[in-house]
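Q: Got a structure for you, questions after.
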Amino acid sequence: MKQKNFGLSEASFQKLITDLKKNDTYFFEQVFLKQFEETVRYLCREYRSNHEDAYDATMDTLIEFRARFVEGKLAYGNLRFLFTKMASQILLRNLKKKGISLDDSIVAMSQEDEEPALDDEDLEMLTNAWQTLGDQCKELLTRHFYGKMKLSEIAKEIQKSPATIRKQKERCIKHLKDHFGLKKILKS
Amino acid sequence: MNDKIHQLLGPNLSKDEEDKILGQILKEKHDADLKVKWKTKLENEYGITRNKHISKNKNRNTFIKILLATAACIAVVVTIQLAGSSAVDVSLIAQNYLDEQEILHPGTSKGVSKEEVFRTLAIQSFNQKEYKQSSGYYQSLTNPDQEDLYYHGLALLLSKDYENALQKFEENKQTGDKYAQEINWYQSLTFLLLKQIDAAEDQLEQINPDDWNYEKAQKLLEQLKNQ
């Protein structure tokens, strides 16, 4: 069973999720970056993809896999098989976006038509605004929005009351929005 | 300014909508950060770049790793040469190459028909490193496809049944070129393990600059020519 799950036991599978929820990607990297080359080669071989497209698809698969872990959408079972299939789907999705179609029978992924929420300029603005946040805010917002942790879980972990955490979250968001608002005024 | 940020700054935004937008934009930011981090890590620790060939400005860590690997190979070669056998050293290097990367089958089949059951068992045994058993299951397949033939060949190679591995690789080549690059490499290693040096050289020379393990093949060729 461990072989089907990249050598992960059920306990280490749970640890991986717990770590990712806190945006600690070290263990995830130890397990999945090792698979990178094998997956790139698989895509090149199976779909006659060029190296760059296979590289991008594998990278996107890692990102998608992380998201699915924290969203609780992956069960301990056959992660290896799922990872390979997902990489195939993402490769075909990416190629389709570039106007290249290899196989129409592949099932479209749920995120296929999702447009990026930010352009490069906005991403830079968000990064700048993010830098102005204190460490506690960064950690709270990351765990909640990126790690999909509930505020009550965060509160329990850092031994604060849920109300305190809710309030802190509101303050952090206000800080971010104020920063955006200021930028908007300066730009207009 | 993008719609999402406009919406986030809008006056009538509900808490749920605000959370949704923040979730989206922070995901994009963190995803972008992770990609940069992993790209660097892949290059520095695994020698993998988006451009196929590693740049000359490779990280020092990679250089050290290559240096250590080369030193290890040289150590093996020198030791064996001191023992008075010049033909064994390259086969040891070949064995090293075979051992250094974990070879796993990418997926299992669902196992509905008898054929699929054998295929599933073959893959499972392969991934559990029970290569002899895996080979037996592959042998039971009535209509093996190219992937089956490839992994059957690998199972034979990894269970040290070199002659049959070569035969299976040849069989695979005749059915298509899907695994041509991999087979060229593993056939070369098999010939070396069988100490068929001339055949190994011929095979290694067929590995082109854009093919998998070209650099390693060149190193082996150089080693063979120096003997």
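Bear in mind these aren't lab numbers, they're just calculated from the coordinates by the rules spelled out. Computed from a prediction, not measured in an experiment: that's the story for all the values here. Because the Cβ atoms are built from the backbone with ideal geometry, glycine has one as well, and the counts that use them run over all protein chains shown.
Q: Based only on other Cβ atoms within 10 Å, what is the fewest-to-most ordering of A:ARG41, A:ARG143, B:ARG119, A:ARG68?
A: Fewest-to-most ranking of A:ARG41, A:ARG143, B:ARG119, A:ARG68: A:ARG68, A:ARG41, A:ARG143, B:ARG119.
Q: Something else: If I model a spin label at A:SER9 and A:TYR76 as a point 7 Å from the Cα along the Cα→Cβ vector, what separation in nanometres do I get?
A: 0.9
Q: Another question, if that's okay. Determine the relative contact order of chain A: mean sequence separation of Cα pairs under 8 Å and six or more apart, normalised by residue count, in whole percent.
A: 22
Q: I need the shape label for chain A. Rule: rounded when a/c is under 1.5, else prolate if a/b > b/c, else oblate, with a, b, c from the alpha carbon gyration tensor.
A: Taking the square roots of the gyration eigenvalues as a ≥ b ≥ c, chain A is oblate.
Q: Next up: Taking chain A as the reference, fit the longest principal axis to its C-alpha atoms, fit the long axis of helix A:36-47 to the helix C-alpha atoms, and give the angle between the two in degrees, 0 to 90, nearest 10.
A: The two axes meet at around 50 degrees.
Q: Within 10 Å of each Cβ of A:117-125, how many other protein chain Cβ atoms are there on average?
A: Counting other chains' Cβ atoms within 10 Å and averaging over A:117-125 gives 5.
Q: In what sequence do A:VAL31, A:VAL40 fall when counting other Cβ within 10 Å, fewest first?
A: Listing A:VAL31, A:VAL40 from fewest to most nearby Cβ atoms yields A:VAL31, A:VAL40.
Q: Among all the aspartates and glutamates, which ones have a C-alpha under 18 Å from B:LYS219's C-alpha, if same-chain residues fewer than 8 places away are not counted?
A: Cross-link targets: B:ASP89, B:ASP99, B:GLU100, B:GLU182, B:ASP198, B:GLU201, B:ASP202, B:GLU205, B:ASP210, B:ASP211.
Q: Between A:LYS85, A:LYS148, A:LYS21, find the one with the highest GNM mean-square fluctuation for chain A; connect C-alpha pairs within less than 10 Å.
A: Maximum among the listed residues: A:LYS85.
Q: Using θ = phi - 60° and the Karplus curve 6.51 cos²θ - 1.76 cosθ + 1.60, what whole-Hz ³J(HN,Hα) does each residue of region A:140-152 get, with Gly and Pro shown as x?
A: 5, 5, 5, 4, 6, 8, 9, x, 6, 7, 6, 4, 5
Q: Of the candidates A:LEU79, A:LEU126, A:LEU62, which one comes out as most mobile in a Gaussian network treatment of chain A with C-alpha springs shorter than 10 Å?
A: A:LEU126
Q: How high is the relative contact order of region B:117-184, given as a whole-number percent (alpha carbon pairs under 8 Å, six or more residues apart)? Walk me through the intermediate numbers first.
A: Working: 74 pairs, mean separation 16.7, N = 68.
The normalised contact order for region B:117-184 reaches 25 percent.
Q: Which of the residue pairs A:LYS73/A:LYS167; B:LYS195/B:LYS216; A:LYS73/B:LYS41 have a Cα-Cα distance greater than 22 Å in the structure shown?
A: Over 22 Å apart, Cα to Cα: A:LYS73/A:LYS167; A:LYS73/B:LYS41.
Q: Using the structure shown, list the pairs from B:LYS129/B:LYS173; A:LYS174/B:LYS27; A:LYS4/B:LYS35 with a Cα-Cα distance above 20 Å, or answer none.
A: On the way: B:LYS129/B:LYS173 24 Å; A:LYS174/B:LYS27 18 Å; A:LYS4/B:LYS35 25 Å.
The pairs that break the limit, which is 20 Å between Cα atoms, are B:LYS129/B:LYS173; A:LYS4/B:LYS35.
Q: Taking the dipole about the Cα centre of region B:3-46, with the C-beta of Lys and Arg at +1 and of Asp and Glu at -1, give me whichever of B:GLY23, B:LEU42, B:GLN7 is farthest to the positive side.
A: Final value for the positive-end residue is B:LEU42.
Q: Which of A:ALA67, A:ALA117, A:ALA87 moves the most in a Gaussian network model of chain A with Cα springs under 10 Å?
A: A:ALA117
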